[in-house]
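The values are calculated or read from the model by the stated rules, or taken from the named source; none is laboratory data. Predicted model, so just to flag it, every value in this text is computed and none were measured. When we count neighbours, we look across all protein chains shown, and the Cβ atoms used for this are built from the backbone with ideal geometry, even at glycine. Just so you know, the surface numbers come from the protein's heavy atoms only, side chains and all, with ligands and any DNA or RNA stripped out. Shrake-Rupley method; radii C 1.70, N 1.55, O 1.52, S 1.80 Å.
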Amino acid sequence: SISSEIGLLHLLHTLRLSTNHLNGTIPSEIALIPGLSTLHLSTNFLSGTIPTELGSLTNLDATLNLSSNKLTGTIPMELGMM
C-alpha cells in the first residue's frame, strides 16, 4: 500500500510506482506534494475511488496514469480542470 506519509515528500517531482503489486487506496495526501508533475500508479491492485484532491495538483502537467487497477466510481470533475 501507499502510506499517507507520502504527502510529506514536498520536493518530489516524479512518482512512478507502476507494476509494484500495490493494494489499498490512493492516499489523498499525494495532493500535498506541490511540485508533483508526473504520477504513475498503473498496473497495481489499487482500489476505491480516485481522490478529488488530486485535482489540486496544478503542476501535474506531464502524466497522470492510474490505469489497470481496481478503482471504482467516476473520474472526479476536479481532474478535468487540471
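For residues in segment 8-35 being within 17 Å of GLU78 (Cα to Cα), over 10 Å from the mean Cα position of the chain (by Cα) and modelled with pLDDT of 95 or more, which is most open to solvent (accessible area, probe 1.4 Å)?
So the residue we want is LEU32.
Keeping to segment 36-61, report how many residues are open to solvent by 60 Å² or more (accessible area, probe 1.4 Å) and of a type outside the set (Val, Ile, Thr).
Residues flagged as open to solvent by 60 Å² or more (accessible area, probe 1.4 Å) and of a type outside the set (Val, Ile, Thr) within segment 36-61 amount to 5.
Taking the conditions exactly as written (touching a Leu at 6+ places or on another chain (Cβ under 7 Å) and among the small types (Gly, Ala, Ser)), does SER1 satisfy them or not?
Considered against the rule, which asks whether it is touching a Leu at 6+ places or on another chain (Cβ under 7 Å) and among the small types (Gly, Ala, Ser), SER1 comes out as yes.
I need the full set of residues from segment 42-82 which are β-branched (Val, Ile, Thr) and under 12 Å from the mean Cα position of the chain (by Cα), in order please.
Residues satisfying the conditions are THR49, ILE50, THR52, THR63.
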